[in-house]
Amino acid sequence: MASVALNNVYKYFDKNTVAVKDFSIDIKDKELIVLVGPSGCGKSTILRMIAGLEDISEGDLYIGDKRVNNVPPKDRDIAMVFQNYALYPHMTVFENMSFGLKLRKRPKAEIKQIVEKAADILGIKDLLGRKPKALSGGQRQRVALGRAIVRNPQVFLFDEPLSNLDAKLRVQMRTEISKLHRRLETTIIYVTHDQVEAMTMGDRIVVMKDGVVQQIDTPLGVYNFPQNRFVAGFIGSPAMNILDGKINKDSGLWFDDGKLQLKLPVKYEERLSGYVDKQVSFGIRPEDIYEAGFAHGLEETAVEASFTVEVVEPMGNEIFLYVSTGSHPMVARIDAHSQAAIGQKVNLVFNMAKAHFFDAETEEAIET
């Protein structure tokens with residue numbers, strides 16, 4: 001297994017199209033890194049550059065201690081799992097998994113042993129004689145994983161491997177990939193547009209937008225301490241509520257969006273004193289908004305406001321409550337025992353200790 005390093009990497013498709021800008025990261029040996037972002041942000045292009053399927057326009061790529069910018073894909077000792085499985089339809093599962101080993105002229109007995117061991121790990125040993133058309137989507141994905149595992153590469157690359165699966169199977173397969181990572185103790189670089197996959201699977205997450213890295217951190221680091229407005233709004237389901245307004249000073253500091261006024265705790269005074277009468281963005285996650293009567297232990301940091309309920313989404317163990325301040329739609333993640341109904345007035349309590357603030361011009365987080 002090996003570490004991977006990308007130093008100041010750029011990818012130009014032409015002089016007017018820059019797909020990746022100044023991308024740098026050091027990926028540790030045995031680490032599972034997730035590249036996440038909206039479609040077109042450059043994450044799959046980075047994966048393809050690591051694989052050698054795209055040339056690097058500028059910068060350096062190292063696998064282990066070796067610079068591999070000009071090394072052919074077949075000599076990089078990596079294995080890639082694609083979104084569409086890429087199985088040979090005329091071959092059995094065994095033949096698909098063993099194909100790469102046969103090309104390397106490994107002995108038949110050794111190939112059989114390696115394939116059966118990988119199939120056992122993935123729970124598909126009884127499928128080795130079937131062809132892909134006789135497999136479900138989840139089974140095909142396991143075969144694609146098995147074909148990569150038998151290679152025993154230095155690095156695994158996953159390009160949105162679960163996007164063709166249904167919701168239940170996606171949950172199951174991301175758990176299986178996480179288990180596989182721990183069992184194989186290998187380096188994995190995983191690309192997805194699904195922030196839930198990123199949060200649940202990655203040792204670290206790389207959040208991207210327009211070819212530029214927005215933040216690299218652990219899942220909880222990205223979630224709790226977003227470095228800018230984009231990261232705050234992208235990571236989290238439902239997304240963070242973000243309101244545009246200004247900071248007013250009147251017996252303390254207040255956030256005012258024109259309709260909603262929220263008193264800020266004393267701890268923010270030093271942090272936001274330079275923003276009095278200036279525009280800022282205020283963010284708060286849905287789970288940090290409570291229905292009055294269900295907010296316990298928040299007396300010192302609680303601010304209450306009244307809203308009209310627009311949509312109620314019962315989720316079983318909780319309710320997503322959609323309201324509006326008049327200028328911004330908001331969602332609260334409230335107790336499942338709530339009796340809130342569409343059209344009713346409801347008092348919501350904001351835990352202001354969990355508030356986030358972003359500079360209106362730079363969109364960067366306002367640090368203490």
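The values are calculated or read from the model by the stated rules, or taken from the named source; none is laboratory data. Just so you know, these numbers come straight off a predicted model, no measurement behind them. Reconstructed Cβ throughout: ideal geometry from the backbone, glycine too, with neighbour counts over all protein chains shown. Only protein heavy atoms, including side chains, enter the accessible area calculation; ligands, DNA and RNA are left aside. Shrake-Rupley method; radii C 1.70, N 1.55, O 1.52, S 1.80 Å.
Miscellaneous remarks
- Accessible area in the full protein assembly, largest first, 1.4 Å probe, for His296, His90, His328: His296, His90, His328
- Placing +1 on the Cβ of every Lys and Arg and -1 on the Cβ of every Asp and Glu, with no other charges, gives segment 129-281 a dipole of roughly 980 debye about its Cα centre.
- In segment 216-368, the convex hull through the Cα atoms has an average projected area of 9.2 nm², a quarter of its surface area.
- Nonlocal amide H pairs with Glu54, under 5 Å, H built at 1.01 Å: Met49
- Residue pairs, from the table Lys66/Lys112; Lys21/Lys246; Lys263/Lys345; Lys66/Lys131; Lys108/Lys168, whose Cα atoms sit over 30 Å apart: Lys66/Lys112; Lys21/Lys246; Lys66/Lys131; Lys108/Lys168
- With Cα atoms, 0 to 90° folded angle of helix 93-103 axis to the chain main axis: 70
- Backbone amide hydrogens, once placed in the peptide plane, bring Gly59 within less than 5 Å of Tyr10, excluding anything fewer than 5 places away on its chain.
- Table column - 3J(HN,Hα) (Hz), segment 29-40, Karplus curve with 6.51, -1.76, 1.60, x for Gly and Pro: 4, 6, 8, 9, 9, 10, 9, 9, x, x, 4, x
- Taking the C-alpha atoms of the chain, convex hull volume expressed per residue in Å³: 173
- Our note on the geometry: Cα centres of segment 199-276 and segment 30-104, 35 Å apart.
- Sparse-neighbour loop sites [chymotrypsin sites (Phe, Trp or Tyr not before Pro); segment 297-356; at most 12 other C-beta within 10 Å; DSSP]: none
- Considering only alpha-carbon pairs that sit under 8 angstrom and 6 or more positions apart, the relative contact order computed for the chain is 15 percent.
- For segment 43-108, trypsin sites (Lys or Arg not before Pro) meeting the loop criterion (DSSP other than H, G, I, E, B) and having at most 15 other Cβ atoms within 10 Å: Arg104, Lys105.
- In segment 187-302, Cα pairs under 8 Å separated by at least six residues give a relative contact order of 18 percent.
- Tensor-based shape of segment 311-368 (alpha-carbon gyration tensor, a/c under 1.5 rounded, otherwise prolate or oblate): prolate
- Computed over segment 57-126, the percent of Cα pairs more than 19 Å apart is 51.
- Largest first, the extents of the alpha carbon coordinates of segment 1-40 on the three principal axes equal 37, 22, 13 Å.
- Whole-Hz couplings from phi, Karplus 6.51/-1.76/1.60, listed for segment 206-223; x for Gly and Pro: 10, 8, 10, 8, 6, x, 10, 5, 9, 6, 10, 6, 5, x, 6, x, 5, 5
- Reduced Cα scattering model of segment 159-206, Debye log10 I(q)/I(0), q = 0.23, 0.28 Å⁻¹: -0.86, -1.24
- Close amide-amide hydrogen proximity is noted between Leu253 and Leu264, each under 5 Å apart and 5 or more residues distant or on a separate chain (H modeled in the peptide plane; Pro and chain starts excluded).
- Largest to smallest principal axis extent of the C-alpha atoms in segment 31-172, angstrom: 46, 39, 27
- Residue by residue, segment 51-68 carries 3J(HN,Hα) couplings of 6, x, 7, 10, 6, 8, 6, 8, x, 10, 10, 10, 10, x, 9, 9, 6, 10 Hz when phi is fed to the Karplus relation 6.51 cos²θ - 1.76 cosθ + 1.60 (θ = phi - 60°); x denotes Gly or Pro.
- Eligible aspartates and glutamates near Lys11 by straight Cα distance, threshold 13 Å, same-chain separation 8 or greater: Asp22, Glu54, Asp55, Glu58, Asp60, Asp210
- Segment 222-287: radius of gyration over Cα atoms, expressed as a fraction of 2.2 N^0.38 Å: 1.15
- The chain: angle of helix 167-184 to the longest principal axis, Cα-based, in degrees nearest 10: 60
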